[in-house]
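To keep things clear, I will list the structure first and then write my remarks on it.
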Amino acid sequence: MHGTSASPDRLNAQQRSAHIREVVLARGVELRERYPLLKHQDALGAGILALALAGMVGSAALYIGGYLAWWACLLLNGFFASLTHELEHDLIHSMYFRKQRIPHNLMLALVWLARPSTINPWIRRHLHLNHHKVSGTEADMEERAITNGEPWGVARLLMVGDNLMSSLIRTLRARTWAHKLNILKRTLKVYAPLALLHWGAWYAFLGFHAANGVAALLGAPIDWSASTLAVMQVIDIAVVVIIGPNVLRTFCLHFVSSNMHYYGDIEAGNVIQQTQVLNPWWLWPLQAFCFNFGSTHGIHHFVVKEPFYIRQLTAPVAHKVMAEMGVRFNDFGTFGRANRFTRKEQAAAQVVRGVRA
């Protein structure tokens, strides 16, 4: 029984957050008592990783063998890779093999290999833990990097699905050469070596096929060397089995995450204002490749140490108490406000109050 009888009107933001945390944690305890399997957290984490990797390798083998269409392989591996992202996030919070460094670091290495588009997970750990401390502020480098707080336009569209493009645009925007050089050095450090290979191969794929397309339209096909064609054959396969799935997954995750987090005008430490729940029916095609992130990630800001599969199970209870305590749901106005928390009507009311004062 999870009573949510506390009246939000009588509670401040910290008390409302504490109430949400209490109710959600109680639901997690109840689920573990009902389903004892859920108590075997390390084994579940390792098992989910084994399932995801087997799924990715299996669908790749079926595609290469001619038994699976390219698009089916790409979609399947995008879904399996989204599982490994959730596992990485849990590992960053030390939820699996916390006191056993070898299996813990082995899991981190494997989830990185499954998602070569991403930054080094050992570096990401510092960025992500900082995200929880300073969520929604200029210092939140993790969310800023994936376009949280950017006004919507061509630049944000290019940046949201492409990590290196995001760094390039930020480099071009930097006002001093020292700042530009600093961004470039940081980019090389956090993305070496896997992401540099991943995005480099992606650009080669796009450039090669774009050049062939233009040449065909002009009626002057390019006579590529045998070695170039051999390399591109390998890259074409890689795009279907791992690069394309991660480009798709990256776009879906970053689009959802950057718009469910608020930025710029939230109260420091007020978890109620840090996120919203984004779960409209039309976002399901994107949610499928970031494991329902928009619906469940907000729960994580209140209850940090629950693994991702528990969040999926506690979501109905969590959503109910979060709504009662004032967490926003499906605030689509955030797309037009560059993720600011304050709505226009609230801003207008604040101005009026200021004039009267």
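Details
- Flag if L38 is modelled with pLDDT of 95 or more, surrounded by fewer than 16 Cβ atoms within 10 Å (Cβ to Cβ) and under 20 Å from M95 (Cβ atoms): no
- Near pairs, Cβ below 9 angstrom, 6+ apart or cross-chain, from the range 13-35 (surrounded by 16 or more Cβ atoms within 10 Å (Cβ to Cβ)) to any residue that is modelled with pLDDT under 95 and in a helix (DSSP H, G or I): R16/P8; H19/P8
- Of all residues in the range 92-117 being of a type in the set (G, A, S) and loosely packed, with under 14 Cβ neighbours inside 10 Å, the one that is nearest to E142 (Cα to Cα): S94
- Candidate set from the range 255-313 (those that are small (G, A, S) and in contact with a Cys (Cβ under 9 Å, 6 or more places away or on another chain)); member that is nearest to W152 (Cα to Cα): S257
- Qualifying residue in the range 71-78 (condition: loosely packed, with under 14 Cβ neighbours inside 10 Å and aromatic (F, W, Y)): yes
- Total residues in the range 129-147, condition exposed (fewer than 15 other Cβ atoms within 10 Å of the Cβ) and in contact with a strand residue (DSSP E or B) (Cβ under 6 Å, 6 or more places away or on another chain): 0
- Any chance A268 is more than 20 Å from T137 (Cβ to Cβ) and outside any helix (DSSP H, G or I): no
- Taking the range 63-83 as the range and being in contact with a helix residue (DSSP H, G or I) (Cβ under 7 Å, 6 or more places away or on another chain) and assigned to a helix (DSSP H, G or I) as the test, the residues that pass are Y63, I64, W70, C73, L74, L76, N77, G78, F80, A81, S82, L83.
- Within the set E86, E142, the sole residue that is in contact with a Leu (Cβ under 7 Å, 6 or more places away or on another chain), assigned to a helix (DSSP H, G or I) and not hydrophobic (A, V, I, L, M, F, W, C) turns out to be E142.
- A single member of V231, V154, V134, V241 is on the phi < 0 side of the Ramachandran plot and in contact with an Asp or Glu (Cβ under 6 Å, 6 or more places away or on another chain), and it is V134.
The values are calculated or read from the model by the stated rules, or taken from the named source; none is laboratory data. Quick caveat: nothing in here was measured; it's all calculated off a predicted structure. Virtual Cβ from ideal backbone geometry, glycine too; neighbours counted across all protein chains shown.
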